[in-house]
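The values are calculated or read from the model by the stated rules, or taken from the named source; none is laboratory data. Model, not experiment: these values are computed from the prediction. When we count neighbours, we look across all protein chains shown, and the Cβ atoms used for this are built from the backbone with ideal geometry, even at glycine. Note: accessible area is taken over every heavy atom of the protein model, side chains too, but ligands, DNA and RNA are not part of it. Shrake-Rupley method; radii C 1.70, N 1.55, O 1.52, S 1.80 Å.
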Amino acid sequence: MSWLHLVVFGLLLPETQALLRFGCGQLVTQRFDPLVTPGQVSPHVHQIVGGNAFNLTMHPDLDVPGIATCTTCRFKEDKSNYWTAVMYFKHANGSFARVPQIPNHFTGEYNGGMTVYYNQRPSGNPRVTAFPKGFRMITGRPMDRTNRNFPNTQGEAWALSFRCWQTTGPYDYSNSHAIGPGPFDSINLPNRVCPGGIRSNTFFPTCWDGVNIDSPNHASHVSFFESPADPNVGLFLQDGTCPESHPVKLPQLFFETVWDTRPFNSMYPTDGSQPFVLSMGDPTGYGHHGDYLFGWEGDSLQRAMDNCLDMFGRPADCKELTLISDEEMNSCTLKPQVDERVEDGYLPALPGCNPIQRGPESATMIKDCTAVSTIGVAATPVARGAEVNEAQVTPSP
Ligand SMILES: *[C@@H]1O[C@H](CO)[C@@H](O)[C@H](O)[C@H]1NC(C)=O
Ligand SMILES: *[C@@H]1O[C@H](CO)[C@@H](O)[C@H](O)[C@H]1NC(C)=O
């Protein structure tokens, strides 16, 4: 194993892992969540990547790869959707600006987005079962404002965390260090300046009940593994034991999102507070969550998991799949359908009704929210009473 590979993929301990690792550019950023709030505008803003079949409602019977005509992900066959909350910077004057996303190291030059991983054991043994048509799941709990302190022996312990990059260089130890306890990761949003930006780490459960493609909370049909078989290989790998209730091993889905906080670091507060907040009004980071809606064409994911056992996960090494260019990825976009501004300059408040809720008790939904709740021309405009910056006031219709 070369030094270069160790550094680039250090977090995954290459000799213990086979993977697909690929970039996905931004598809759209808006208050949509077809998993949790199908048919309704979502309470908070998400950034979404993947196929352009993404919509306000996505019934499990929907032929996602049949409807999508393009994808922002590196593999043409992948019309899945992947999404997370959006990070905002809260200025000392109370206004919010979206924190831009940038591509991760060695994934290409595309618009923002995320890096997606499908991990498995190095030999492909035991065989992982690709997600079936209609499959969807969520990891994390948006209303959480406190650390659940999972024991370190559970797969869930460091499933959701933030990496504080010291530089943006790929060879920086703060990039390659294994995920988990140590100098660079925290379950909460980092309470200090991260000179190179913040990378969020989002792991999904790897054990499935083998029957249900979804569940009422979008989480209980899957489970994290109970304990790693070999504690030396880390907690995230495919080495844990699946509980009897969820015996089927899935590929380990993992997102890395690189938030370019650098432009805001010069405005970092000096009073010990930290200025970043997730779109659901979460300044703690404990509400960090990710959503997945499977949409690979035919059996392409299973074929890739069976045959692409490269320990570095380079897209070009997976001959089962078709690569598309950065330009093709960038040309796949959707227009936001919610009539409100969620980015491009400072906003007077987080979109939706998301006042900052610091916890530690769980966040609560705001009653009598007047934010836009429908899409299309009949949309009700957001109450703009809080708008203070004249230059940004949009005339009322
Ligand atoms: C989204 O759903 C609406 C309503 O069903 C439909 O008209 C539209 O074509 C869908 N968009 C996509 C991208 O499938
Ligand atoms: C806060 O500062 C930003 C950056 O200068 C500015 O764009 C925004 O309008 C300000 N907001 C208020 C409420 O003054």
**Request:** Could you grab me the full set of residues in the range 352-369 that are closer than 25 Å to ASN55 by Cβ and out of contact with any Ser or Thr (no Cβ under 7 Å at 6 or more places or on another chain)?
**Result:** GLY352, CYS353, MET365, CYS369
**Message:** Would you confirm, using the coordinates I've provided, whether LYS90 is within 16 Å of ligand 2 (Cβ to nearest atom), open to solvent by 30 Å² or more (accessible area, probe 1.4 Å) and more than 17 Å from the chain's Cα centre (by Cα)?
**Reply:** yes
**Complete:** Exception for THR72 within (1) away from ligand 2 (no atom under 16 Å from the Cβ); (2) farther than 14 Å from MET329 by Cα; (3) hydroxyl-bearing (Ser, Thr, Tyr) falls at (2)
**Prompt:** under 14 Å from the mean Cα position of the chain (by Cα), open to solvent by 10 Å² or more (accessible area, probe 1.4 Å) and hydrophobic (A, V, I, L, M, F, W, C): does that describe ILE48?
**Reply:** no
**Prompt:** Of the residues that make up the range 266-288, is at least one over 22 Å from THR72 (Cβ atoms), outside any loop (DSSP other than H, G, I, E, B), modelled with pLDDT of 95 or more and open to solvent by 40 Å² or more (accessible area, probe 1.4 Å)?
**Reply:** yes
**Message:** So if I check each of THR115, THR129, which one is open to solvent by less than 10 Å² (accessible area, probe 1.4 Å), more than 16 Å from ligand 2 (Cβ to nearest atom) and on the phi < 0 side of the Ramachandran plot?
**Reply:** THR115
**Request:** Spot the failing condition for HIS105; the list is (1) more than 16 Å from ligand 2 (Cβ to nearest atom); (2) open to solvent by less than 20 Å² (accessible area, probe 1.4 Å), and only one is missed.
**Result:** (2)
**Prompt:** Looking at (1) closer than 19 Å to MET114 by Cβ; (2) open to solvent by less than 30 Å² (accessible area, probe 1.4 Å), which is the only condition THR168 fails?
**Reply:** (2)
**Asked** When the range 319-353 is examined, which residues are found to be β-branched (Val, Ile, Thr) and either open to solvent by less than 50 Å² (accessible area, probe 1.4 Å) or within 16 Å of ligand 2 (Cβ to nearest atom) (or both)?
**Response** ILE324, VAL338, VAL342
**Message:** Against the conditions (1) out of contact with any Ser or Thr (no Cβ under 7 Å at 6 or more places or on another chain); (2) within 18 Å of GLY290 (Cα to Cα); (3) within 16 Å of ligand 2 (Cβ to nearest atom), where does GLY134 fall short? Just the number, please.
**Reply:** (3)
**Asked** Taking the range 51-68 as the search range and keeping residues that are near ligand 1 (Cβ under 9 Å from one of its atoms) and among the β-branched types (Val, Ile, Thr), which one is surrounded by the most Cβ atoms within 10 Å (Cβ to Cβ)?
**Response** ILE67
**In the range 179-192, the residues that are over 12 Å from LEU160 (Cβ atoms) and crowded, with 17+ Cβ neighbours inside 10 Å** = PHE184, PRO190
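Here is a yes/no grid of residues against (1) at pLDDT below 95; (2) on the phi < 0 side of the Ramachandran plot:
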residue: ALA157; (1), (2): yes, yes
residue: PHE162; (1), (2): no, yes
residue: PRO170; (1), (2): yes, yes
residue: SER174; (1), (2): yes, yes
residue: GLY180; (1), (2): yes, no
residue: PRO183; (1), (2): yes, yes
residue: ASN188; (1), (2): no, yes
residue: ARG192; (1), (2): no, yes
residue: PRO195; (1), (2): no, yes
**Message:** Given the criterion at pLDDT 90 or above, part of a loop (DSSP other than H, G, I, E, B) and touching an Asp or Glu at 6+ places or on another chain (Cβ under 7 Å), identify the matching residue among PRO360, PRO351, PRO355.
**Reply:** PRO351
**Asked** Residues in the range 89-106: is at least one farther than 29 Å from VAL36 by Cα, more than 16 Å from ligand 1 (Cβ to nearest atom) and in contact with a Phe, Trp or Tyr (Cβ under 7 Å, 6 or more places away or on another chain)?
**Response** yes
